[in-house]
Amino acid sequence: MTREEFNSTWMPYADTFYKVAFYLLESEAAASDAVQEVYLKLWTTREGLGKVLNPSAYGTMMVRNHCLDIIRREGSRRREELDENMAEDRSTDTALDFKSRLKYVEEAMKTLPDIQQKILRMRVWEEMEYDEIAGELGLSQVNVRVQLTRARARLRKLTK
């Protein structure tokens with residue numbers, strides 16, 4: 001595939017790819033980086049792209065999968081940081097402060113609607129994936145994400 005063919009086939013979808021990335025990553029910079037990385041991957045595999053029948057769908061799935069990988073890596077990193085912070089808290093005199101903050105967050109969670117409490121517990125403590133939560137609760141993945149975002153926003157507001 002030549003540069004001109006690549007540009008005419010794939011570049012018209014840049015805005016669509018960015019919107020998908022922004023929806024998933026909720027950050028302009030992270031979305032731009034993700035789209036750029038996907039385009040780089042597309043360019044390096046351009047010889048096999050002639051077989052792709054629907055470039056929009058193919059590229060959108062690549063962006064989605066790349067963003068989900070980023071989210072998983074970030075979640076893993078956050079858990080490690082939280083574990084480190086908890087270990088530090090336990091080893092100092094602030095362990096009581098940590099327990100009181102945790103109790104405060106648990107109390108704040110009780111003010112959330114039941115569905116948001118369930119989704120938050122399943123996602124954070126049980127580390128379930130969105131599709132697993134959706135299947136167990138009989139909701140769509142989009143609804144799970146929306147409810148989780150609302151729950152987190154309300155907790156942030158209540159615990160500040």
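The values are calculated or read from the model by the stated rules, or taken from the named source; none is laboratory data. Bear in mind the structure is a predicted one, so any value in this text is a computation, not a measurement. Backbone-built Cβ (ideal geometry, glycine too); neighbour counts: all protein chains shown.
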Selection from segment 8-57 of residues polar (S, T, N, Q), over 27 Å from Val142 (Cα atoms) and either touching a residue at least 12 places away in the same chain (Cβ under 8 Å) or in a helix (DSSP H, G or I) (or both) yields Ser8, Thr9, Thr44
Candidates Glu26, Glu47, filtered to the one that is on the phi > 0 side of the Ramachandran plot, out of contact with any helix residue (DSSP H, G or I) (no Cβ under 8 Å at 6 or more places or on another chain) and not basic (Lys, Arg)
Glu26
Residues in segment 24-56 that are at pLDDT 90 or above and under 21 Å from the mean Cα position of the chain (by Cα): how many?
13
Is it the case, given these coordinates, that Arg73 is out of contact with any Lys or Arg (no Cβ under 9 Å at 6 or more places or on another chain) and surrounded by 11 or more Cβ atoms within 10 Å (Cβ to Cβ)?
no
Under the condition of being touching a residue at least 12 places away in the same chain (Cβ under 8 Å) and either in contact with a Leu (Cβ under 7 Å, 6 or more places away or on another chain) or surrounded by 15 or more Cβ atoms within 10 Å (Cβ to Cβ) (or both), which residue from segment 118-136 is farthest from Asp69 (Cα to Cα)?
Lys118
So which residues in segment 71-124 are modelled with pLDDT under 75 and among the polar types (S, T, N, Q)?
Ser76, Asn85, Ser91, Thr92, Thr94, Ser100
